[in-house]
Amino acid sequence: MKNVSRCAVVNPRLALRLLLLAVGLVSISIVQARSGSRSSSHAAADQLAVQVTDDRLTLAVTDVPQVYLYGTIDEDAPQRVGALIRSGKIPSGSDIYLNSSSGSVSAGMALGRLFRTGSMVTHLGKPRRKGESNTAICVGACAYAYFGGLYRWAPTGSDRIGVSAYPATSASTAGSSQSTQPSGDVAGYLKDMGIDPAALAPTPGTASNGTVWLSADQMMASGLANNGRLPLVAKYQTLSTGPYLTLDQVDRHGEHRMTIECKPGRVILTAINKVGNERAKDIVMRGTRSYFELNRQEILTQQSGGAEVASESISMTRTYPPARLQYIIYAPSVGAWVAGRTNAFRNGFTFELEPVRSTLKQYYEACWQAAPWPTTKQNS
């Protein structure tokens with residue numbers, strides 16, 4: 001087990017770059033197909049090239065290989081990538097970096113289905129080449145491949161992603177003739193990937209030469225990108241003991257849950273961070289304090305004994321004043337963490353609450369009805 005702490009979400013490309021700079025490895029010039037460090041396919045000019053980076057340094061930072069796909073997405077690309085997946089060279093959960101401005105939309109969707117089946121993580125990115133721009137462009141077929149990632153990182157820096165306004169057929173290539181609606185194959189693919197076609201419609205200032213360019217903010221707001229997290233799910237039910245709210249989120253590092261239970265005179269907060277039994281033991285042993293977060297501010301801190309290992313998870317429970325429940329219900333974010341004396345070591349999660357705000361408000365009303373507290377109820 002690695003002696004490395006993690007926050008809820010880490011950008012593996014940024015982490016790797018920083019580590020490479022720290023040890024002075026600015027570039028790696030030796031390509032070895034069998035050394036376990038880097039392997040590349042020798043693709044023709046009109047074929048998709050594949051580079052798998054799985055050296056010890058990469059795996060120490062990201063746990064999984066970094067796979068670079070670049071060039072034209074040709075019709076046979078899914079077969080070649082699929083063979084690498086079946087051989088184990090590209091294992092489940094790998095980081096896929098895409099850089100392609102042309103190719104077959106049907107092949108792009110086939111790649112996307114491979115990525116989703118393998119719980120891959122998609123990014124924009126290109127191999128480092130001395131003297132070359134580091135900007136990645138992902139257009140048309142590449143964008144549809146990107147949408148196949150279970151976890152999809154929004155573009156950063158000067159990287160750009162775009163889609164042709166409406167592909168005419170599943171076999172069309174970027175820049176070909178267009179119709180007014182996505183084809184049946186494309187529409188079916190987007191539905192299977194959980195992508196709303198409306199998020200790809202052009203808005204003022206986003207379209208250029210038949211391409212709809214997508215900003216990072218737009219992609220995060222519409223769910224086109226999720227930066228390593230699946231959507232937060234909020235459910236509440238009324239039990240005999242009182243209203244009970246459950247917040248659940250899965251990200252590439254585990255499963256996270258927070259529950260809120262209303263009782264007369266008190267609210268009970270419980271956080272459950274499923275990280276595996278051995279890792280949970282290590283985190284609790286190394287931690288010197290545990291706490292909840294409200295708007296990324298530490299609250300309900302307990303210096304020792306506040307977190308325990310249960311069912312492969314780190315569990316922590318606190319009581320909270322009912323009169324202050326509104327501050328959680330209307331907060332931008334809540335979280336729960338185990339940390340050392342400083343935040344150089346900490347492990348936990350943060351939930352962004354805006355997507356589930358309506359459920360939170362309904363739960364607040366249910367709590368008030370079941371066990372009203374002696375104060376003036378505030379709404380916003």
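The values are calculated or read from the model by the stated rules, or taken from the named source; none is laboratory data. What you see is a predicted model, and the numbers here were worked out from it, not measured in a lab. Methodologically, a virtual Cβ is constructed for each residue, glycine included, from the backbone with ideal geometry; neighbour enumeration extends over all protein chains shown. Surface areas here come from the heavy atoms of the whole protein model, side chains and all, with no ligands, DNA or RNA. Shrake-Rupley method; radii C 1.70, N 1.55, O 1.52, S 1.80 Å.
Given a cut-off of under 8 Å on Cα pairs at least six residues apart, what relative contact order in percent is computed for the stretch 186-245? List each step's numbers first, then the result.
Working: 30 pairs, mean separation 11.6, N = 60.
Relative CO of the stretch 186-245 lands at 19 percent.
May I ask for the distance between the Cα centers of the stretch 87-151 and the stretch 189-204, given as a whole number of Å?
One Cα centre to the other: 18 Å.
Using the Cα centre of the stretch 316-366 as the reference point, and only Cβ charges (+1 on K/R, -1 on D/E), how large is the resulting charge dipole? Debye, rounded to the nearest 20.
220 debye
Counting only protein heavy atoms, what percent of the accessible surface of the stretch 285-380 is carbon or sulfur at a 1.4 Å probe?
Details: 2320 of 4850 Å².
Looking at the stretch 285-380 in its full context, I get 48 percent from C and S.
So what J values fall out for the stretch 137-152 if you push phi through Karplus, 6.51 cos²θ - 1.76 cosθ + 1.60 with θ = phi - 60°, rounded to Hz, Gly and Pro as x?
10, 10, 10, x, 4, 4, 5, 5, 5, 4, 5, x, x, 5, 10, 10
What distance in nm separates the simple spin-label points at LYS281 and ARG129, each placed 7 Å from Cα in the Cβ direction?
4.9 nm
Keeping all protein chains in place, calculate the accessible area per residue for the stretch 184-225 (probe 1.4 angstrom), answer in Å².
Per residue, the stretch 184-225 has an accessible area of 51 Å².
Where the Cα atoms of the stretch 56-162 are projected onto their three principal axes, how long is each span, largest first, in whole Å?
In descending order, the Cα extents are 35, 31, 23 Å.
Pull out the extension gain between TYR327 and GLU312, defined as 0.36 nm times the separation in residues minus the alpha carbon to alpha carbon distance; nm, one decimal.
Working: separation 15, 0.36 × 15 = 5.40 nm, distance 3.05 nm.
Length difference between fully extended and current span is 2.4 nm.
Please state the shape class of the stretch 260-318: rounded when a/c is under 1.5, otherwise prolate if a/b exceeds b/c and oblate if not, all from the C-alpha gyration tensor.
Cα axes put the stretch 260-318 in the prolate bin.
Would you mind getting me the FRET efficiency between ASN209 and ASP76? Use the beta-carbon distance for r and R0 = 35 Å, nearest 0.05.
E(calc), rounded to 0.05, equals 0.80.
For GLU352, what residues show an amide H to amide H distance below 5 Å, using hydrogens built from the backbone and excluding near sequence neighbours?
Amide H neighbours of GLU352: none.
Give the calculated FRET efficiency between LYS191 and ASN343 to the nearest 0.05, with a Förster radius of 41 Å applied to their Cβ-Cβ distance.
Computed FRET efficiency for LYS191 and ASN343: 0.50.
What distance in nm separates the simple spin-label points at SER222 and ASP251, each placed 7 Å from Cα in the Cβ direction?
2.4 nm
Can you work out the PRE-style zone for GLU298? Point 7 Å along Cα to Cβ, and I want the residues of the stretch 307-343 with backbone N under 15 Å.
307, 335-343
Antiparallel DSSP bridges in the stretch 35-141: what percent, to the nearest 5?
Percent antiparallel among DSSP bridges in the stretch 35-141 is about 45.
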